[in-house]
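Comments concern the structure below.
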Amino acid sequence: MKPSLFKLIKHQFQKASPVLQVDLSGKHVLVVGANRGTGLDAAKHFATMNPAKLILACRNQNRGDAAATQIVRDTGFKGVETWLLDLADFASVTAFAERYEKDGRLDILVENAAVIPQKGQKMTKDGWELTLQTNNLAMSLLGILLLPRMLETAEKYQTLPRLVVVSSAMHYFGKLENRVTEAPNPLQVLGAQDYHDFRIADNRTKRYAETKILNVLFVRALAFHLKGKSIIVNAVDPSWCKSDIRDGSYTGIHVWINSILDAMFAISSEQGSRQLVWASVGQPPGEEEVDLNGKFITFGSVWEPSDYIVSEKGQKAQERLWEDLIEELAKVNPKVRQIVDQYLSS
């Protein structure tokens, strides 16, 4: 259910729990969007846990290399690599996944990259609205293409890999319109050039909330279809962090308002990154192990997702969007359909 505004604000001010520390010896960790912000800070934390390999998936080679250098300097860990990945280009996602075929092992995948719409509509060369492709379609494509690596890792090394999708509490403040969920091709409707007028600030905020809803729906659907498989898939909210992700999204008075809200409520990206780490390796305290599969995690605990998502309407939208997602991604890469047929239940 939707938390009260008071509850969300209260959590922003609570003392951050220490970063969780576990032994990652022998394991391979992949962090998408790891050259700055919560992604970089999460990668630093993973580096202190002695993984066999830490891969930073970044859009820019120079920035990725700079992040890797910083991690080596700050932690002493030298098993860090930078791999190029541009989520605004499906060909880049496919090439990345094909490269990972040769690497084999994958224990933790943190899908962290995201963008907020800027003023004026932007379309990718693949024909999708930039925010939708980056935050949802490409992230889903990457997760599905790497799924065989994670399941084979589970079987070969007797481990329990985790796929963590970074979402947001913003999903509590939106819903998908009927014109999307009732359309024959929901994602094409949502990703069309004329769906939103991005000159209007409220529409840019609405689009970001829509992508965060889709993140949670994807995690819930994937977890459902992975029933019985040795893998945990979850969504995590790093909370409201100081970040440059909103730069260019706001104009006029909204810039001033955002800067004030940042100063009043935002936590550091390092504090936010602790939530990514917790979702990747954590477990709530208690005698019995809590099922984290398909769950929405924030502040080191499982929260119920929005009323819309858990409603009958939301559950129907979840499965309809899952079917449409697989159909669209199979057009991009036929391996998607093969993976779904081989590893996922209907």
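The values are calculated or read from the model by the stated rules, or taken from the named source; none is laboratory data. Model, not experiment: these values are computed from the prediction. Glycine gets a Cβ as well: all are built from the backbone with ideal geometry, and neighbour counts include every protein chain shown.
Observations, loosely collected:
- Look at (1) farther than 21 Å from THR211 by Cβ; (2) modelled with pLDDT under 95; (3) of a type in the set (S, T, N, Q) and you find that ASN112 fails only one, number (1).
- Long-range neighbours under 8 Å by Cβ, at least six apart or interchain, first residue closer than 30 Å to ARG105 by Cβ within the stretch 8-28, second part of a helix (DSSP H, G or I) and at pLDDT below 90: HIS28/ASP103
- Meets criteria (over 24 Å from LEU151 (Cα atoms), hydrophobic (A, V, I, L, M, F, W, C) and modelled with pLDDT of 95 or more) for ALA330: no
- Among residues of the stretch 154-178 that are in contact (Cβ under 8 Å) with a residue 12 or more places away in the chain, those with a Cβ under 7 angstrom from a residue that is surrounded by fewer than 21 Cβ atoms within 10 Å (Cβ to Cβ) and basic (Lys, Arg), sequence gap 6+ or separate chain, pair up as TYR172/LYS2; GLY174/LYS206.
Matching residues to (1) modelled with pLDDT of 95 or more; (2) among the β-branched types (Val, Ile, Thr):
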| residue | (1), (2) |
| --- | --- |
| PRO161 | yes, no |
| VAL166 | yes, yes |
| LEU187 | yes, no |
| ILE231 | yes, yes |
| ASN234 | yes, no |
| LYS242 | no, no |
| VAL255 | no, yes |
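- Selected residue (only one of LYS125, LYS119 is assigned to a loop (DSSP other than H, G, I, E, B), in contact with a Ser or Thr (Cβ under 8 Å, 6 or more places away or on another chain), of a type outside the set (A, V, I, L, M) and surrounded by fewer than 24 Cβ atoms within 10 Å (Cβ to Cβ)): LYS119
- When the stretch 128-145 is filtered for residues that are closer than 20 Å to SER280 by Cβ and surrounded by fewer than 24 Cβ atoms within 10 Å (Cβ to Cβ), the ones remaining, listed by number, are GLY143, LEU145.
- Residue check: ASP126 meets all listed conditions (1) of a type in the set (D, E, K, R); (2) at pLDDT 95 or above; (3) farther than 28 Å from ARG204 by Cα but one, namely (3).
- Checking the stretch 267-288 against the condition returns no match, with no residue being at pLDDT below 65 and within 26 Å of ARG36 (Cα to Cα).
- Within the stretch 327-344, considering residues that are touching a residue at least 24 places away in the same chain (Cβ under 8 Å) and among the aliphatic types (A, V, I, L, M), the one nearest to SER230 (Cα to Cα): LEU344
- Search result, residues across the stretch 38-93 that are among the aliphatic types (A, V, I, L, M) and part of a loop (DSSP other than H, G, I, E, B): MET49, ALA52, LEU85, LEU87, ALA88
- Pick from the stretch 52-81, criterion in contact with a Gly (Cβ under 7 Å, 6 or more places away or on another chain) and surrounded by fewer than 23 Cβ atoms within 10 Å (Cβ to Cβ), ranking: nearest to SER92 (Cα to Cα): LYS53
- Residue selected from the stretch 207-232 under the condition of a type in the set (Ser, Thr, Tyr) and within 16 Å of the chain's Cα centre (by Cα), by the criterion nearest to LEU137 (Cα to Cα): THR211
Here is a yes/no grid of residues against (1) of a type in the set (Asp, Glu); (2) not in a helix (DSSP H, G or I):
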site	(1), (2)
ALA183	no, yes
LEU187	no, no
ASP202	yes, no
ARG207	no, no
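- For the residues ALA43, ALA88, ALA34, ALA57, the requirement of being within 15 Å of the chain's Cα centre (by Cα) and within 25 Å of GLN158 (Cα to Cα) singles out ALA43.
Residue by residue, here is whether (1) of a type outside the set (A, V, I, L, M, F, W, C); (2) touching a residue at least 40 places away in the same chain (Cβ under 8 Å); (3) out of contact with any Leu (no Cβ under 8 Å at 6 or more places or on another chain) holds:
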site: GLY282; (1), (2), (3): yes, yes, no
site: ASN293; (1), (2), (3): yes, yes, no
site: PHE296; (1), (2), (3): no, yes, yes
site: SER311; (1), (2), (3): yes, no, yes
site: GLN315; (1), (2), (3): yes, no, yes
site: GLU319; (1), (2), (3): yes, yes, yes
